[in-house]
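Note sheet for the following structure.
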Amino acid sequence: MFAVIATMVAVWLMIVLLRNPIRAHWWTRQLITTTDPQARLAYFHRIVALGPGGAAAVETLLNHPDAAIRSLGVAVLNHTKPLHARSLLAQMIDDPDADVGQIAVTGLAVLGDDTVVDELKQLLDSPNPQRAVLAITGLSRLRTPEAIDALIATAEAHPHLAARVQAIEELGQLQVERAREALLRCLEDTTPFTGLTISERSAAALLQRASPTSRLTSPPSSRPVSDFAAQALLALTPTESP
């Protein structure tokens, strides 16, 4: 009799403990197989609502060939924050899709503990300019004194020009007054930069979605680093009231 009761209790406990992981696996499968954007979003919210248990099947999303599905997997990590979130987010920074990498580095920044700044600073030394630029956006989100120091140092000197320009832009957007002297020195840099910053790419993507028939007929024009420094300095200068 006692053995039967013990078995029933054990089975009940197993069901309770595995309920959320089972739901997570089922809803993950539904999210992947549906082609309806609204249904996909609904399954995503159901997974996130499970808390850390919702990440039980997250690697299925992270390894999917569709970047949109991978981005949802990273978003699941950002919302549920399971114990292994840090290592998975660090891996996803190298995703071939820049948007997925951006979501991953934002997730790392949201963790916000003392080790995140060190991890992002290590990314700054990457030979891959995309990783360095993503690290800068993460440091900008943190806004800690150490993160700001890293942005200022990057704005003045970094092997990747795209990283320097992105750091300059972030300092202007954050309105970091103590970056003024470094930005003033950057005004002397006439090195041409051909490309788009992250905010410019986001704006271009919004315009593309608003007018799908439009196409960029030529690459971005070359602009000197000093132009970005001047724009950042303007953000630090308070406007006078009329």
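Could you check the range 162-178 and list, in sequence order, the residues that are out of contact with any Gly (no Cβ under 8 Å at 6 or more places or on another chain), in a helix (DSSP H, G or I) and not polar (S, T, N, Q)? Step through it out loud before you land on a result.
Going through the range 162-178, the residues out of contact with any Gly (no Cβ under 8 Å at 6 or more places or on another chain) turn out to be 163-164, 166-178.
Right, trim to in a helix (DSSP H, G or I) and you get 163-164, 166-174, 177-178.
Correct list: ALA163, ARG164, ALA167, ILE168, GLU169, GLU170, LEU171, GLY172, LEU174, GLU177, ARG178.
Output the number of residues of the range 1-42 satisfying the condition of being modelled with pLDDT of 80 or more and either polar (S, T, N, Q) or touching a Pro at 6+ places or on another chain (Cβ under 6 Å) (or both).
Here is the first cut: in the range 1-42, the residues modelled with pLDDT of 80 or more are 21-42.
Now restrict to residues that are either polar (S, T, N, Q) or touching a Pro at 6+ places or on another chain (Cβ under 6 Å) (or both): 28, 30, 33-35, 38.
Result for the range 1-42: 6.
Please indicate, with yes or no, whether at least one residue in the range 35-45 is within 20 Å of the chain's Cα centre (by Cα) and either surrounded by 20 or more Cβ atoms within 10 Å (Cβ to Cβ) or not in a helix (DSSP H, G or I) (or both).
Filtering the range 35-45 for residues within 20 Å of the chain's Cα centre (by Cα) gives 41, 44-45.
Going one step further and asking which of them are either surrounded by 20 or more Cβ atoms within 10 Å (Cβ to Cβ) or not in a helix (DSSP H, G or I) (or both), we end up with 44.
Within the range 35-45, one or more residues are within 20 Å of the chain's Cα centre (by Cα) and either surrounded by 20 or more Cβ atoms within 10 Å (Cβ to Cβ) or not in a helix (DSSP H, G or I) (or both).
Just for the range 207-222: of the residues that are closer than 17 Å to GLU169 by Cβ and out of contact with any helix residue (DSSP H, G or I) (no Cβ under 9 Å at 6 or more places or on another chain), which one is modelled with the lowest pLDDT?
First, the residues of the range 207-222 that are closer than 17 Å to GLU169 by Cβ: 220-222.
Within this subset, residues satisfying the condition of being out of contact with any helix residue (DSSP H, G or I) (no Cβ under 9 Å at 6 or more places or on another chain) are 221-222.
Working: SER221: 75, SER222: 86.
My answer is SER221.
Within the range 179-200, which residues are in a helix (DSSP H, G or I), touching a helix residue (DSSP H, G or I) at 6+ places or on another chain (Cβ under 8 Å) and farther than 16 Å from LEU139 by Cα?
ARG180, ALA182, LEU183, LEU184, ARG185, CYS186
The values are calculated or read from the model by the stated rules, or taken from the named source; none is laboratory data. Since the model is a prediction, treat every value here as computed from it, not as a measurement. Reconstructed Cβ throughout: ideal geometry from the backbone, glycine too, with neighbour counts over all protein chains shown.
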